[in-house]
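The values are calculated or read from the model by the stated rules, or taken from the named source; none is laboratory data. Bear in mind that the values here come from a model prediction, so they are computed numbers and not experimental data. Positions of Cβ are generated from backbone atoms using ideal geometry, with glycine treated the same way; all protein chains shown enter the neighbour counts. With ligands, DNA and RNA removed, areas are computed over all heavy atoms of the protein, side chains included. Shrake-Rupley method; radii C 1.70, N 1.55, O 1.52, S 1.80 Å.
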Amino acid sequence: MNTAITRILITGALLFAASAFADGGGSSEPPKAPDKLAGVRAQIAVNNFSGAIDELKRLNDTGNADWNNLMGFSLRKAPAPDFAEAEKFYNEALRIDPKHRGALEYSGELYLQTGDLAKAEQRLAALDKACFLPCAEYSDLKKAIAQYKANGGKASSSY
């Protein structure tokens, strides 16, 4: 009896493996398009926000929520931050994708930087609805709001 069960399990595993590799080991899904914002993300990763802004302008993909979110982020984090312009890009990202977690988090941080706790808390509430399970964007903004309150309404340079 034990040998029969073992044979069934081995046969099932072999059939599964054979079907998984029937296409030569590759996926049956079409390959994903390359990330055209990878260069922007690389500039942001090394805190070269001016370079990120230049690359975003070159790409000029204004109908893309990620493009708008990264433009807002770069403008907010630039050596001479432009909060008003950053807000416009975050709002455009959210117009395109109202549940864009990055834009919700980063615009919430922008509101803390500009002293608007009520709007930051609205973004946190929107993130709470956008995240099916707890997500990093929600946790990060919640922490930033708590830090803002603990600092007596002063924004931190960490966000």
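A straight Cα-to-Cα reach below 20 Å connects LYS143 with the aspartates and glutamates GLU105, GLU109, ASP116, GLU121, ASP128, residues fewer than 8 places away in its own chain not being considered.
Annotation: lysines with alpha-carbon distance below 22 angstrom to LYS57 (same-chain offsets under eight excluded): LYS36, LYS77, LYS88. The figure for ARG76 is an accessible area of roughly 0 square angstrom, using a 1.4 Å probe on the protein chains alone. Give the distance, in whole Å, between the Cα centre of region 60-117 and the Cα centre of region 121-159. For region 60-117 versus region 121-159, the Cα centre distance is 15 Å.
Rolling a 1.4 Å probe across all protein chains gives SER158 an accessible area of roughly 80 Å². The accessible surface of region 85-135, taken with every protein chain in place and a 1.4 Å probe, is 51 percent carbon and sulfur. Among LEU141, LEU117, the sequence by solvent-accessible area, most first, with a 1.4 Å probe is LEU117, LEU141.
For region 40-159, with the dipole built from +1 on Lys and Arg beta-carbon atoms and -1 on Asp and Glu ones, taken about the Cα centre, which of ALA150, ILE53, LEU104 lies farthest toward the positive end? So the residue we want is ALA150.
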